[in-house]
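The values are calculated or read from the model by the stated rules, or taken from the named source; none is laboratory data. Keep in mind it's a predicted model, so treat the numbers as computed, not measured. Methodologically, a virtual Cβ is constructed for each residue, glycine included, from the backbone with ideal geometry; neighbour enumeration extends over all protein chains shown. Each accessible area value is taken on the protein alone, full model and side chains, heavy atoms only, with ligands, DNA and RNA left out. Shrake-Rupley method; radii C 1.70, N 1.55, O 1.52, S 1.80 Å.
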Amino acid sequence: LIENNDPVLGNADAGISIIELSDFQCPFCARAFEGAIADFKASSYFTNGEVNLIYKQFPLNSIHPYAQGAAEASLCADAQGKFWEYHDTLFTNQAALDTTSLKQYASTLGLNTAEFNSCLDGSDFKSEVNKELAQAAAAGGQGTPFFVIVNTGTGDYQTISGAYPWTQFQTAIQAVQ
């Protein structure tokens, strides 16, 4: 499930990864971003480099018409080294994920807008988003957010489906340590 091109927040060599399969238009994903993910970033697991966060695209296109474009836009931002800043902007501005807004966020974050717009307009990352969507389903994801907490050394893992509090993640991390 983990690939070299996945955006990683934190220590890339951490022994445990929280893989977040998420949808930028999903209100429960925004709740996870504001709750458990914010708590994770403040935790010793993150600050000590023991656990990292890996983001994978899981747009629920049937119910979220802007999710695919937002997913592709986030990868266009990643191509310029600004995935996490763009990720945070999308969740903070979840009500405005139309193409005009996506391009404005790129400009606000100081990205090369000609490059970004060309990437987004050309659907440069459509196949990558579709591949990650298939990976999410294959991993057992039926809704968003879906998390796989994996010990990258042993392969032991736990899953969490939904916007649960950080305490549930702590329990999952301890189970795979």
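Overview of results
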{"item": "For residue 129: the one exception among (1) under 19 Å from residue 53 (Cβ atoms); (2) surrounded by fewer than 17 Cβ atoms within 10 Å (Cβ to Cβ)", "result": "(2)"}
{"item": "Filter result for residue 115 (open to solvent by less than 40 Å² (accessible area, probe 1.4 Å), part of a helix (DSSP H, G or I) and touching a residue at least 24 places away in the same chain (Cβ under 8 Å))", "result": "no"}
{"item": "Of all residues making up the stretch 49-96, the number that are in contact with a Pro (Cβ under 6 Å, 6 or more places away or on another chain) and of a type in the set (Phe, Trp, Tyr)", "result": "2"}
{"item": "Only listed residue being touching a Phe, Trp or Tyr at 6+ places or on another chain (Cβ under 8 Å), part of a loop (DSSP other than H, G, I, E, B) and on the phi > 0 side of the Ramachandran plot, chosen from 140, 155", "result": "140"}
{"item": "Residue that is most open to solvent (accessible area, probe 1.4 Å), among those in the stretch 49-72 that are of a type in the set (A, V, I, L, M, F, W, C) and touching a Ser or Thr at 6+ places or on another chain (Cβ under 8 Å)", "result": "60"}
{"item": "One residue from 95, 163, 106 being crowded, with 22+ Cβ neighbours inside 10 Å and under 20 Å from residue 30 (Cα atoms)", "result": "106"}
{"item": "Answer residue from the stretch 132-149, given it is hydrophobic (A, V, I, L, M, F, W, C) and open to solvent by less than 20 Å² (accessible area, probe 1.4 Å) and is nearest to residue 28 (Cα to Cα) among those", "result": "146"}
